[in-house]
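Contents: one structure, followed by commentary.
Where a number appears in this text, it was derived from the coordinates with a stated rule and is not lab data. From a predicted model like this one, the values you see are computed outputs, not experimental measurements. Using ideal geometry, Cβ is built from the backbone for each residue, glycine included, and neighbour counts are taken over all protein chains shown.
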Amino acid sequence: MTPLPEDPLSRISEDDRDTAVQRLQDAYAEGHISHEEMDECLDQVLTANTHSELVSALASLPAENAGTTSTIAAAGGRIRRRGAWRVPRMLKVESAFGRVHLDLSRAVIEHSVVDIELQLGTGRAKITVPRDAIVDVEDLRTGWKDLLYKTRRRSRPGGPRIRISGTMGFGRLKIRHAWR
């Protein structure tokens, strides 16, 4: 779930609600809460309107696993991930110079929402997402070149949501959906 804003009375987004539901399902699957507790908390999450109500509904859950954030960094050279690699809930990619290529098409994605934070200086970056993924690039700031991404017209429901944020310096980011 996104961090609690300074104003706990601010309204929650659908992403916040979806993330909270996923946390409840994970806690139940791992045996941290009973079926009755999950039903009660799920009702609170689905009717919550503010961040404070959402936090209150999740208060009995164990803390989120800190191991769900990973950082890939390189001063220069190439950063490449492809094939069957496990995608963390939060992925930070930092590169001053060089190319970045993240291929998520065959990756193991266990989370309904994956946040990718880019901190890139110069060089190109390419991200290949699964065919049914929903991509959100609203929080990405580009410097010199524009982002190359065309939204898919039809996506099958149930695909992961890939939220890409951060800063691109003088390079160009190209995002494409996998063919298969």
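One table, with the values for the structure above:
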| read-out | value |
| --- | --- |
| Inter-label distance, nm, simple model (7 Å from Cα along the C-beta direction), LYS126/SER60 | 5.0 |
| Total charge dipole magnitude, the chain, about the Cα centre, Cβ charges on Lys, Arg, Asp, Glu only, Debye to nearest 20 | 2140 |
| Label assignment, percent of Cα pairs over 30 Å apart derived from the structure, set (i) 41; (ii) 14; (iii) 26 | (iii) |
| Likely footprinting exposure, ASP103, ASP115, fewest C-beta neighbours within 10 Å first | ASP103, ASP115 |
| Whole-Å semi-axes of the ellipsoid equivalent to region 14-58 (Cα gyration tensor, √5λ, descending) | 17, 11, 8 |
| Cα long-axis angle, helix 14-29 against the chain (0 to 90 degrees, to the nearest 10) | 70 |
